[in-house]
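The values are calculated or read from the model by the stated rules, or taken from the named source; none is laboratory data. If you're wondering where the values come from, they're calculated on a predicted model, not measured in any experiment. As a convention, Cβ positions derive from the backbone with ideal geometry for all residues, glycine included, and neighbour counts pool all protein chains shown.
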2 protein chains.
Amino acid sequence: MTTAATPQKTAPHAYSGVFSLLSGHLAALDRCLHDQLSAFEPEIRAMADYCIDTSGKRIRPSLVFLSGWRGADVIQPELVKAATVVELVHLATLVHDDIMDEADVRRNRGTAAREYGPTAAVLLGDALFAHALNLATQFPTTEVCAAVSESTRRVCAGEIVQTLRRGSTNVSRADYQRIIDLKTAELFRVSCHLGARLAGFSPACVEAVGVFGRHLGIAYQMYDDLADFFGEEKRIGKTLGTDFASGKLTLPLFALMDRLSPADGAVLAEELTGRRPPQPALRLAQMHELGVFAAVAGAIDEEMAVAGAAIREQEPGPLLMNLLEVLRSQVGSLRR
Amino acid sequence: MTTAATPQKTAPHAYSGVFSLLSGHLAALDRCLHDQLSAFEPEIRAMADYCIDTSGKRIRPSLVFLSGWRGADVIQPELVKAATVVELVHLATLVHDDIMDEADVRRNRGTAAREYGPTAAVLLGDALFAHALNLATQFPTTEVCAAVSESTRRVCAGEIVQTLRRGSTNVSRADYQRIIDLKTAELFRVSCHLGARLAGFSPACVEAVGVFGRHLGIAYQMYDDLADFFGEEKRIGKTLGTDFASGKLTLPLFALMDRLSPADGAVLAEELTGRRPPQPALRLAQMHELGVFAAVAGAIDEEMAVAGAAIREQEPGPLLMNLLEVLRSQVGSLRR
C-alpha cells in the first residue's frame with residue numbers, strides 16, 4: 001500500500017505484480033469452486049460452501065495458472081478445472097487438519113470442526129475430497145485423477161508420519177525433510193506439473209516445472225516453520241512456538257539443538273517430549289542469540305536455488321521466478 | 001455346523017452355495033488387496049495392512065463378482081480390480097466411522113483409531129480412500145473413478161445427515177429412507193453396477209442390476225437396524241440398542257413410535273433426545289409386544305421384492321436372487 005518511491009532492498013513492486021496478473025484467473029477459479037456446490041447433496045451444500053469460503057491464499061491454484069501461463073487474457077478452462085481440483089483437495093486436508101489440531105479458528109472464522117462438530121467435519125472433508133476427484137474425472141483421460149489421488153495419498157502419509165513422531169526426539173533431519181516433502185511439497189509439485197501439462201508444454205518443461213514446485217514447497221514449509229518462532233503474531237507471545245508446544249520437531253529446533261551445549265540440548269529434548277515444562281521464551285531468545293534464523297534462511301535459500309535452477313531455461317520460468325522473490329521477501333520480513 | 005437331515009424352512013443349503021462359488025474370486029480379491037500395500041509409503045504400510053485384515057464379510061466385492069458372473073472358473077481381472085476399489089473405499093469409511101463412534105473394537109480386533117490414535121486414523125482413512133481412487137484410474141477410461149468418487153461423496157453425505165440428526169426427533173421416515181439410501185445403498189448399487197458393466201452386460205442389464213443393488217442395500221441396512229434390537233448379542237443385553245442409546249432414529253423406533261400411546265410416545269421422544277434416561281429394556285419389551293419385528297420385516301420384504309423384480313429377466317438374475325434368500329434367512333434367524 002506504500003506509494004513511497006524509496007528503493008527497497010527486496011523491491012516488492014518488481015514481483016508483486018505477479019499476483020495482480022492473476023486476478024482474472026483467480027476470479028474464474030472462484031466461480032468454478034462455487035459451481036461445484038450444486039454437485040453436493042442439498043443437506044451438505046451450505047457446509048461445503050462454508051469450507052470453500054474459508055479458503056485463503058489460493059497458492060496451489062496460482063501455481064497451476066503460472067505454470068501453464070499463456071498470458072493474462074488467456075484463461076484456459078482446463079487449468080481452471082485443475083486448479084479447482086487441487087484447491088478442493090487442499091481445503092479437504094485443512095478441514096481434517098483442524099479437527100486433529102483441535103483448532104477453533106482459521107483465518108478469523110470458526111473452523112468447520114467447530115461449526116459442525118468433529119464428526120461432521122471428518123465426513124465433510126471426505127466429501128470434499130471425493131468431489132475433487134470426481135471433478136478430476138471430467139478430463140478426457142485418467143491422468144489428472146491419477147496424479148491428484150497419488151499426491152493426496154502422499155500428503156496423508158506425510159501427515160501420518162509427522163503425527164506418529166510428535167513428542168519424540170527420535171526424529172532426524174532426514175525424517176523432517178521427508179515429512180515436509182510429502183505433506184507440503186507434493187501438492188505444490190503436482191499443481192505445477194498439471195499446469196504445465198495441461199497448457200501443452202513439452203515433457204521436459206513439465207518435468208522441470210514439477211521440480212520447481214517441489215522445491216518451492218519445501219522452501220515454503222521451512223519458511224512456515226520459521227514463522228512459527230519468528231513471525232509477527234508469534235513475537236506478541238500469544239501463539240509463540242505452537243509447533244514447539246505440540247512437540248513438533250521442525251528445522252528451527254534442529255538448528256537450535258545443534259548450537260546448544262550437550263547438557264542444555266538434553267534439557268530441550270525433555271521439553272520436546274513433554275518430560276519437562278517447555279520454556280518457549282528461553283528457547284526463542286537462544287534462537288536469536290545463536291543464529292538460528294540465518295541457518296534456516298540459508299536452508300530456504302538452498303531449496304529456492306534448486307527450484308530456480310530447474311526452470312531457468314523453461315517457458316514459464318521468468319514468471320515463476322517471481323514466486324521465489326515473493327518468498328525471499330516474506331522470509332526477510334520475519335527478521336525485521 | 002449341523003449335520004441333521006431335518007428339512008429347514010429357509011433351506012440354507014439351497015443358497016449358501018453362492019458363497020462357496022465365490023471362494024476363488026475372494027482369494028483373488030485378497031491377493032489384489034495385499035498387492036496394493038506396496039503403493040503405500042513404507043512408514044504407513046503396516047497400518048494399511050492392519051485395516052485390510054480387519055475387513056470382514058467382503059459383501060461389496062461379492063456383489064461386484066456376482067453381478068458380473070461368467071462362471072466360477074472365470075476370474076475377470078477387471079472385476080477383481082473394481083472389487084478391490086469398492087472394498088478399499090468401504091474400509092476407509094469404516095476407519096472413519098470407528099473414530100466418530102469412538103469404537104475400540106471391530107470384529108474382535110482393536111480399531112485403527114485405538115491402535116494408532118484418532119489423528120492418524122483420520123489420515124489413514126484418507127490415504128486408503130486416495131489409493132482406492134488411484135487404483136480406479138488404472139481402468140482405460142475415467143468411468144470407474146467417476147462412479148466410485150460420486151458414490152463416496154453420497155455415502156459421506158448420508159453419514160453427515162445422520163450425524164446432524166442424531167438426538168433429534170425431528171426426523172421423518174423419509175429422512176431415514178434417504179439416509180440409508182445414501183450411506184449404505186449407494187455403495188451396494190455401484191458395486192453391482194460396476195460388476196455388470198465391466199463384465200460387458202447390456203446397458204439394460206447394468207441398469208437393472210444397479211437397481212437390485214440399491215434395494216438390496218436398503219433392505220440390508222434395515223436388517224442391520226433391526227438386529228440392533230433383536231440380534232443375538234443384543235439379547236444378552238450387553239450392547240442392546242446401541243443406536244437407541246446414541247439417539248439414532250431407525251426403523252424399529254419409528255415402528256414402535258407408531259404403536260405407542262401419544263403420551264408414551266412423547267416419553268420415548270424425550271429418551272431419544274437425551275432429555276430423559278433411556279429405558280432400553282422397556283422399549284425392547286414393547287417392540288416384542290407390539291409387533292415391531294413383523295413391521296420392519298415387512299418393510300425389508302418390500303425392498304427385496306423391488307430388488308428381485310429388477311433382475312428377474314437379467315442374465316446374472318438367478319445368481320443374485322440367492323442373496324435375497326440369504327438376507328431373508330438372516331432376518332428370520334433374528335426372530336428365533
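Structure notes:
- Any hit, segment B:51-69, residues being within 14 Å of another protein chain (Cβ to nearest Cβ) and either touching a strand residue (DSSP E or B) at 6+ places or on another chain (Cβ under 6 Å) or at pLDDT 85 or above (or both): yes
- Under the condition of being among the basic types (K, R), more than 9 Å from chain B (Cβ to nearest Cβ) and over 18 Å from the mean Cα position of the chain (by Cα), the residues counted in segment A:149-191 number 2.
- Residue match in segment A:275-286 (condition: modelled with pLDDT of 90 or more, in contact with a His (Cβ under 6 Å, 6 or more places away or on another chain) and in the same structural domain as A:E159 (by TED's automatic domain parsing)): no
- In segment A:94-108, the residues that are facing another protein chain (nearest Cβ under 10 Å) reach residues that are at pLDDT below 75 and not in a helix (DSSP H, G or I) with C-beta atoms within less than 8 angstrom, at least six apart or across chains, in these pairs: A:D97/A:A103.
- Residue ID - nearest to B:R189 (Cα to Cα), chosen from residues in segment B:109-128 that are surrounded by 24 or more Cβ atoms within 10 Å (Cβ to Cβ), at the interface with another protein chain (Cβ under 9 Å from one of its Cβ atoms) and in contact with a Lys or Arg (Cβ under 9 Å, 6 or more places away or on another chain): B:L128
- Note on segment B:61-80: residues that are closer than 16 Å to B:Q36 by Cα and in contact (Cβ under 8 Å) with a residue 60 or more places away in the chain amount to 3.
- Per the listing B:E325, B:E315, the residue uniquely surrounded by 13 or more Cβ atoms within 10 Å (Cβ to Cβ) and outside any helix (DSSP H, G or I) is B:E315.
- Flag if B:F212 is within 15 Å of B:V155 (Cβ to Cβ) and buried (at least 23 other Cβ atoms within 10 Å of the Cβ): no
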